[in-house]
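Worksheet for the structure shown next.
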Amino acid sequence: MLLQKPQRERGFKKERIIRVLLNQSRSNQGSKEDKQISKYRVAKLAEVSEPWCLEYTGRLEDRGLLSYTEVKKPKELYEEWKEIRIDPNQVSVSFQQPMNFLLQIKEKQGLDYALTSYRAESLIQGFLFPSKTDFYIHPDQIERWKEVVKERGMLGGGNTRIRVTDKHVFYNQSVHENHPTVSVPQVIVDLLEEGGPCEEAAAKLIDSYHGPEA
């Protein structure tokens, strides 16, 4: 089974910073001051060193994507994220009624997960038909999830994709209809990576989350 902890810890720093910045730039979050936090705060939330945060956000400012920490061009910043994104480790499995299965696993075994792409978009926005159930698991729970798959699932091309990446993917997660989902910006970048009709769904989410002028 291919689920394993990610190897490229260093490469996640850029993703963490972008994830924090885009989560901070929600259109209905409040005043400009509410959306513009200090770079020191960004570094803390991204769990990276302050010098690294200063260097990378400075580069994004030079390209006009940021004004200090305020996101000026959300669509372009998502493209930057997609460009530098490290693909998660992933395995395809089949579960009977995967959404009910996930609720049972969380309640009975305390395993963490967060939905993304089709299912998360369907719960948050409802544009896509949820043809697949994709979710992230915590890197420290991989072995326990492997046992669950052996007992309850079937490996191979199925209706569910289990993903493992940097633990920061759970940053600012929310709950919809009792199911944990990753943050809206994380859903958006995963939809963009998926391509096809998911790109249209991502564009709609960008407009609703960051404002139509984004």
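The values are calculated or read from the model by the stated rules, or taken from the named source; none is laboratory data. Note that this is a predicted model, so its numbers are computed, not measured. Please note: Cβ atoms are built from the backbone with ideal geometry, for glycine as well, and neighbour counts cover all protein chains shown. With ligands, DNA and RNA removed, areas are computed over all heavy atoms of the protein, side chains included. Shrake-Rupley method; radii C 1.70, N 1.55, O 1.52, S 1.80 Å.
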Difference of contour (0.36 nm per residue) and Cα-Cα distance, GLU55 to ILE86: 9.2 nm
- prompt: Rounded to the nearest 5, what % of the DSSP beta bridges within segment 11-164 are antiparallel ones?
  reply: 70 percent
- request: Please give, to one decimal in nm, the separation of the simple spin-label points placed at ASP207 and LEU103, each 7 Å out from Cα toward the Cβ.
  value: 3.2 nm
- line: Here the percent of antiparallel bridges among DSSP beta bridges lying wholly in segment 89-210, to the nearest 5, is 70 percent
field: Per residue accessible area of the chain, 1.4 Å probe, in Å²
entry: 49 Å²
query: Ignoring ligands and nucleic acids, what accessible area does CYS198 show with a 1.4 Å probe (Å², nearest 10)?
result: 0 Å²
query: HN-Hα J couplings of segment 111-120 from phi, Karplus 6.51/-1.76/1.60, θ = phi - 60°, integer Hz, Gly and Pro as x?
result: 7, 8, 7, 8, 5, 8, 6, 4, 5, 5
- request: Give the label of the value calculated from the structure for semi-axes √(5λ) of the Cα gyration tensor in Å, choosing from [x] 23, 21, 17; [y] 30, 19, 15; [z] 46, 20, 14.
  value: [y]
- line: Pseudo-spin-label distance GLU143 to GLU193, built 7 Å along Cα→Cβ, given in nm, is 2.6 nm
- request: Of the listed pairs LYS132/LYS167; LYS73/LYS108; LYS75/LYS106; LYS82/LYS106; LYS108/LYS204; LYS39/LYS146, which have alpha-carbon separations greater than 32 Å here?
  value: LYS73/LYS108; LYS75/LYS106; LYS108/LYS204; LYS39/LYS146
query: In the full protein assembly as shown, how much of SER174 is accessible to a 1.4 Å probe, in Å² to the nearest 10?
result: 40 Å²
Helical mean residue ellipticity (222 nm; -39500 (n - 2.57) per DSSP H run of 4+; nearest 500) of the chain: -14500 deg cm²/dmol
